[in-house]
Amino acid sequence: MPLLPLSGHLTTRARLAQGLRSGRQPQVLLISGPGGVGKQRLALWLGQLGVCEQRDAEPCGRCRPCRLVAGLAYADLHWFVPIPRPKAADPDKAIEEAAQALAETMAERRSAPLYGPPDGMSSHSMASVRLLHQRASLTAVEGGRRIFILGDAERLVPQESSQEAANALLKLLEEPPPGSLFILTTVDPRRLLPTIRSRAVPVRVNRLTDEDVREFLKAHVTPALAPAALEERVALAAGSIGDALAAGEDTSKAYHAAEQLIEAVLAGPSASYERALRQPPFSARGEFTALLDALADTLSEAARGTLGHPTRRPVPPALLGHGNPAALLRAVERVAEAREAAYGNVNPQILLAVLGEELAEVL
Ligand SMILES: [Zn+2]
């Protein structure tokens, strides 16, 4: 199944196409903007435009390179997404593992082009950076432009353990090989190393319109949503197709778990510890980070609610009468810290027990 069409961002597209046609296109771009608005899809669009045999403002979609890109099968398009950290200690084996994991992800995207955000534990590890470097040092297979996309670039793990890998990446971005185009995407440029950020030309994208989100859901969500459910999703999405898609079942589960956790914290230490002990220790990391994300979102929605703003989703009754937005925002901060810690090798039970104590202090 080919890539789904790109929604919205018409002004940005026109500007990028003009840059490409004029030959003044910078070789390293950093696309930033809210989650789920299609930043990586825009990067793929630009890559496709860069190799299309026609020289129009949009990829023609019919020529051989266009069709190969749409099928994620163009040999000179390298799409790097966060993957689980390779287990092998040997650097060469780790690179092989990373290549394998990326190939599997691409195969999944070919068969199911609607994808969610990466698992909370996935990253661009040192092995991915080495693989990128290896691929960048090869010559073009197709003889045209070579495209390198690094999605969710804030997931680049700090490479302090290997200065060599860090320098290799920086050098690559500083002097990209001729005929190559590097496109990084991120929700928040401030989370990138300044040395990386300073080497890329920023491209800022905005939220989509409700109409774009509605059209996308109508065209690509099966079974089709009933009109009321469709409008509810569009409203929840606030211009993010990713959020609209995530408003399905798994997310509801995470929000339900977050609500129970808040109730446990408010019920006192023993309920809170009991909840922490129920958390599976190391399995299902993705579910655990989804819980933390839902928790942060619920607390910030509650803060919005206490300030009299409309909330995007129902706030648990226990938080409704809270009335102290500052305390709620401090709680969000604690959750964000726990989220960072969850990247490391910390037992989720312990993390949750500590977080429960911290939340009890501020709430
Ligand atoms: Zn084409």
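The values are calculated or read from the model by the stated rules, or taken from the named source; none is laboratory data. Just so it is clear, the structure is predicted and the values come from calculations on it, not from any experiment. Every residue, glycine as well, gets a Cβ built from its backbone with ideal geometry; the counts of neighbours run over all protein chains shown.
If you take the residues in the range 46-57 that are more than 6 Å from the ligand (Cβ to nearest atom) and exposed (fewer than 15 other Cβ atoms within 10 Å of the Cβ), which one is nearest to the chain's Cα centre (by Cα)?
Pass one, the range 46-57, residues more than 6 Å from the ligand (Cβ to nearest atom): 46-51, 55-57.
Narrowing further to those that are exposed (fewer than 15 other Cβ atoms within 10 Å of the Cβ): 55-57.
Working: ARG55: 31, ASP56: 30, ALA57: 27 Å.
Here the residue is ALA57.
Quickly run through the range 107-135 and pick out the residues that are surrounded by 13 or more Cβ atoms within 10 Å (Cβ to Cβ) and part of a helix (DSSP H, G or I). Before you say what the answer is, go through the steps one by one.
We begin by selecting, within the range 107-135, every residue surrounded by 13 or more Cβ atoms within 10 Å (Cβ to Cβ); these are 109-110, 113-133, 135.
The answer is ARG109, ARG110, MET126, ALA127, SER128, VAL129, ARG130, LEU131, LEU132, HIS133, ARG135.
Being buried (at least 19 other Cβ atoms within 10 Å of the Cβ) and among the small types (Gly, Ala, Ser) is the filter here; which residues of the range 258-275 pass it?
To start, the set of residues in the range 258-275 that are buried (at least 19 other Cβ atoms within 10 Å of the Cβ) comprises 258-259, 261-262, 264-265, 272, 275.
ALA258, ALA264, SER272 - these are the residues of the range 258-275 that are buried (at least 19 other Cβ atoms within 10 Å of the Cβ) and among the small types (Gly, Ala, Ser).
Answer yes if at least one residue in the range 290-302 is of a type in the set (Gly, Ala, Ser), surrounded by fewer than 20 Cβ atoms within 10 Å (Cβ to Cβ) and not in a helix (DSSP H, G or I), and no otherwise. Let's see the steps before the verdict.
Of the residues in the range 290-302, the ones of a type in the set (Gly, Ala, Ser) are 290, 294, 296, 300, 302.
So of that shortlist, the ones also surrounded by fewer than 20 Cβ atoms within 10 Å (Cβ to Cβ) come out as 296, 300.
Adding the requirement that they be not in a helix (DSSP H, G or I) leaves none.
No - not one qualifying residue is present in the range 290-302.
Looking only at the range 30-39, which residues are of a type in the set (Gly, Ala, Ser) and either assigned to a loop (DSSP other than H, G, I, E, B) or at pLDDT below 95 (or both)? Outline the logic, then answer.
First pass over the range 30-39, keeping only residues of a type in the set (Gly, Ala, Ser): 32-33, 35-36, 38.
Correct list: GLY33, GLY35, GLY36, GLY38.
How do the helices (runs of 4 or more DSSP H) wholly within the range 154-233 filter down when requiring 2 or more residues that are at pLDDT 90 or above and either among the β-branched types (Val, Ile, Thr) or within 30 Å of ARG21 (Cβ to Cβ) (or both): which remain?
Numbers: elements: 163-174, 194-197, 210-220.
It comes to 163-174, 210-220.
Which condition number in (1) away from the ligand (no atom under 16 Å from the Cβ); (2) out of contact with any Pro (no Cβ under 6 Å at 6 or more places or on another chain); (3) part of a helix (DSSP H, G or I) is the one that ALA94 fails?
All conditions pass for ALA94, except number (2).
Based on what the data block shows, is GLY323 on the phi > 0 side of the Ramachandran plot and loosely packed, with under 14 Cβ neighbours inside 10 Å?
On the way: on the phi > 0 side of the Ramachandran plot: yes; loosely packed, with under 14 Cβ neighbours inside 10 Å: yes.
Taking the combined requirement at face value, the residue satisfies it.
Quick one: which of GLU259, GLU333 is closer than 30 Å to PHE216 by Cβ, modelled with pLDDT of 85 or more and among the acidic types (Asp, Glu)?
Values: GLU333 fails: closer than 30 Å to PHE216 by Cβ.
So the residue among GLU259, GLU333 that is closer than 30 Å to PHE216 by Cβ, modelled with pLDDT of 85 or more and among the acidic types (Asp, Glu) is GLU259.
List the pairs whose first member sits in the range 15-31 and is surrounded by 13 or more Cβ atoms within 10 Å (Cβ to Cβ), whose second member is among the aromatic types (Phe, Trp, Tyr), and whose Cβ atoms are under 8 Å apart, counting only residues at least 6 apart or on separate chains?
GLN27/PHE182; VAL28/PHE182; LEU29/PHE182
Out of all the residues in the range 298-337, which are closer than 14 Å to TYR255 by Cα and free of Cβ contacts under 8 Å to residues at least 12 places away in the same chain?
If the condition is that a residue be closer than 14 Å to TYR255 by Cα and free of Cβ contacts under 8 Å to residues at least 12 places away in the same chain, then PRO314, PRO317 are the ones that fit.
If only one of ALA112, ALA73, ALA107 is within 16 Å of the ligand (Cβ to nearest atom) and either among the hydroxyl-bearing types (Ser, Thr, Tyr) or within 23 Å of the chain's Cα centre (by Cα) (or both), which one is it?
Details: ALA112 fails: within 16 Å of the ligand (Cβ to nearest atom); ALA107 fails: within 16 Å of the ligand (Cβ to nearest atom).
When all the criteria are applied, what remains is ALA73.
Condition (residue is exposed (fewer than 14 other Cβ atoms within 10 Å of the Cβ) and among the basic types (Lys, Arg)) applied to the range 161-176: is it met by at least one residue?
For the range 161-176, residues exposed (fewer than 14 other Cβ atoms within 10 Å of the Cβ) and among the basic types (Lys, Arg): present.
How many of the residues in the range 58-85 are surrounded by fewer than 17 Cβ atoms within 10 Å (Cβ to Cβ) and not in a helix (DSSP H, G or I)? Full working, then the answer.
To start, the set of residues in the range 58-85 that are surrounded by fewer than 17 Cβ atoms within 10 Å (Cβ to Cβ) comprises 58, 60-64, 67, 71, 73, 75, 84.
Still in the running and not in a helix (DSSP H, G or I): 58, 60-63, 71, 73, 75, 84.
Final tally of qualifying residues: 9.
Which residues, taken from the range 210-228, are surrounded by 13 or more Cβ atoms within 10 Å (Cβ to Cβ) and of a type outside the set (Phe, Trp, Tyr)? Reasoning before the result, please.
Residues of the range 210-228 surrounded by 13 or more Cβ atoms within 10 Å (Cβ to Cβ): 210, 212-217, 220-221, 225.
Matches in the range 210-228: ASP210, ASP212, VAL213, ARG214, GLU215, LEU217, HIS220, VAL221, LEU225.
So is ALA88 away from the ligand (no atom under 12 Å from the Cβ) and part of a loop (DSSP other than H, G, I, E, B) or not? Quick ask: steps written out before the conclusion?
Numbers: away from the ligand (no atom under 12 Å from the Cβ): yes; part of a loop (DSSP other than H, G, I, E, B): yes.
It is true that ALA88 is away from the ligand (no atom under 12 Å from the Cβ) and part of a loop (DSSP other than H, G, I, E, B).
Search the range 5-29 for residues being under 22 Å from ARG109 (Cβ atoms) and either outside any helix (DSSP H, G or I) or of a type in the set (Asp, Glu) (or both), and hand back the single one that is modelled with the lowest pLDDT.
So, considering only residues that are under 22 Å from ARG109 (Cβ atoms) and either outside any helix (DSSP H, G or I) or of a type in the set (Asp, Glu) (or both), the one modelled with the lowest pLDDT is PRO5.
How many residues are of a type outside the set (A, V, I, L, M, F, W, C) and surrounded by fewer than 15 Cβ atoms within 10 Å (Cβ to Cβ) when one looks only at the range 196-209?
Applying the first criterion (of a type outside the set (A, V, I, L, M, F, W, C)) to the range 196-209 yields 197-199, 202, 204, 206-207, 209.
This time we only want the ones that are surrounded by fewer than 15 Cβ atoms within 10 Å (Cβ to Cβ), so: 198, 202, 204, 206, 209.
So the count comes out to 5.
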